[in-house]
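Before any comments, here is the structure.
What follows draws every value from the coordinates through simple rules; no lab data is involved. These numbers come from a predicted model, not from an experiment. Cβ sites come from the backbone with ideal geometry, for glycine too, and all protein chains shown count toward neighbours.
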Amino acid sequence: MSKTAIIYSFHTQKSKKAAEKIIEAFGKEEIEAVNAEELSKDTFEKYDHFILSAPTWFDGELPNYWDEFIPDLEEMDLSKKTFAIFGLGDQKGYPENFCDAIGLLAEILEECGAKIVGETSTEGYTYEASRAQRGDKFIGLPLDQENQPRLTKERIANWVGKLKTDFFN
């Protein structure tokens, strides 16, 4: 039986709240939470499907815990693994690199052979540029708790519904 992990920093506020909403929508018994600050290669061997939190820090950077783990990640063969990425960003404060961390992490995972699922529409967002955008879609789920918090619950529900199909079909 395939196993699904959701990886996020247990020490954040907004990403943690978003992850908890995803866990609730996915089904608590169907997904295991993993602290992103305690990652190891074993984590990626243990699961088949992953939901990763990638909040964009500063001017389009990955959080430190991902930066520190990238060298290990780049050595892995992830060709039999499926990943979905969500991230927090600020469309108004950082419109030129909105949710870039989603795109950065997706690029690294794809170089390791991973399959990325969970694309979402760019409709309803206002920003200048994003590395998470591919064509008219995002490669994952961007959430903007600064400017659009009331849309988060619906966006997560729609995304999780799609992930269940993408992961298990």
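Annotation: extensible slack from Gln148 through Ser121 equals 8.2 nm (criterion: 0.36 nm per residue apart, minus Cα-Cα distance). Here the alpha carbons of the stretch 20-66 define both size measures, Rg and Dmax, at 12.4, 36 Å. Rg then Dmax, both in Å and based on the Cα atoms of the stretch 1-92: 13.1, 43.
Between Gly140, Gly113, Gly124, where does the largest GNM mean-square fluctuation fall for the chain, given springs only between Cα atoms within less than 10 Å? Comparing Gly140, Gly113, Gly124 in the GNM, the peak value goes to Gly124. Result for the chain in a Gaussian network model with C-alpha springs under 10 Å: among Ile51, Ile31, Ile102, the largest mean-square fluctuation is at Ile31. Shape analysis of the chain based on the Cα gyration tensor places the equivalent ellipsoid semi-axes at 22, 18, 15 Å, largest first. Rounding to the nearest 10 and keeping the result within 0 to 90°, find how far the Cα-based axis of helix 14-26 lies from the longest principal axis of the chain. Value to nearest ten degrees: 60. Summing charges over neighbours of Lys3, with a neighbour being any other residue whose Cβ is under 10 Å away from its Cβ, gives -2 when K and R count +1 and D and E count -1. Max-minus-min Cα coordinates of the stretch 70-169 on each principal axis give 37, 29, 22 Å, with the largest extent listed first.
For the pair the stretch 74-128 / the stretch 25-71, the C-alpha centres are spaced 12 Å from each other. For the residue pairs Lys14/Lys115; Lys115/Lys164; Lys14/Lys153; Lys28/Lys153, the alpha carbons lie more than 23 Å apart in Lys14/Lys115.
Scanning the chain for GluC sites (Glu not before Pro) that sit in a DSSP loop and have at most 10 other Cβ atoms within 10 Å, the longest stretch containing none of them is 1-74.
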